[in-house]
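Taking it in order: structure first as structure tokens, then the write-up.
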């Protein structure tokens, strides 16, 4: 039997905030996650019908990474409602949060208080377990890939400050950092590749 950390935390944030915007289509998703069983079903978000956008793809990557890194019990499956993002292997409901730190030159600052509030609001929610049907608290998976270490620490300070009376609520929080492929220079889109192939004939 595998050991699952309770709660699961990353050692530090990923510091990859400059790369968040790279994930826009399924082709941008690292092979590690595209190879995850039924990954395309993880990208079928009831809240965003049609082609999955970058947000949905990043949520699916985080859910798959949670299983692969044993932050949750797998396999993970996409929710059939718009109220949560996925279920773990035991049917527990999870919502994914992907805080973003500003990149160099951005004219905005990370807001630890509002990010903590968003997480705590979700932890106050309840949802039926997929397997048992019993209503239970929603857990939160935080993808810290696109945060700086400082912003992550500030967010956790805020979370602890706001849960002084009941710190156990934070046991329903898991963290992951997804594993991004090395940046590729001058990446071509599928349409650009097709056009190039036609001109080379």
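Since every read-out is calculated from the coordinates, none of them should be taken as a lab result. Keep in mind the model is a prediction, meaning the values are calculated, not measured. Here the Cβ is made from the backbone with ideal geometry for all residues, glycine too, and neighbour counts use every protein chain on show.
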Query raised in the report: GNM, the chain, Cα, under 10 Å: largest mean-square fluctuation among 117, 40, 165?
Result: 165
Query raised in the report: GNM on the chain, C-alpha springs below 10 Å: top fluctuator among 46, 99, 183?
Result: 183
Query raised in the report: Taking Cα atoms, how many degrees apart are the long axis of helix 149-162 and the longest axis of the chain, rounded to 10 and kept between 0 and 90?
Result: 30
Report summary line: For the chain, the longest principal axis of the Cα atoms and the Cα long axis of helix 54-68 enclose an angle in degrees, to the nearest 10, of 60
Query raised in the report: How far is helix 190-199 tilted off the main Cα axis of the chain, in degrees rounded to 10, range 0 to 90?
Result: 10
Query raised in the report: Between residue 113 and residue 171, what is the label-to-label distance in nm when each label sits 7 Å out along the Cα-to-Cβ direction?
Result: 3.0
Report task. Label segment 28-87 by shape, choosing from rounded, prolate and oblate, from the square roots a ≥ b ≥ c of the eigenvalues of the Cα gyration tensor; if a/c is under 1.5 it is rounded, and otherwise prolate applies when a/b is larger than b/c, oblate when it is not. Result -> oblate
Report task. Pairs of Cα atoms under 8 Å, at least six residues apart: use those to get the relative contact order of the chain, whole percent. Result -> 26
Report summary line: In a Gaussian network model of the chain with springs linking alpha carbons closer than 10 Å, the residue among 106, 27, 90 that fluctuates most is 106
Report task. Sticking with the crude label model, points 7 Å out along Cα→Cβ, report the distance from residue 125 to residue 164 in nm, one decimal please. Result -> 2.8
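Considering just Cα atoms, how many Å³ per residue does the convex hull of segment 17-199 enclose?
Hull volume over Cα atoms, normalised by residue count, gives 134 Å³.
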Report summary line: In deg cm²/dmol, rounded to the nearest 500, the helical mean residue ellipticity at 222 nm of the chain, built from -39500 (n - 2.57) for every DSSP H run of length 4 or more, is -8500 deg cm²/dmol
Report task. Return the FRET efficiency for the residue pair residue 103, residue 132: r is the Cβ-Cβ distance, R0 is 35 Å, and the value is rounded to the nearest 0.05. Result -> 0.20
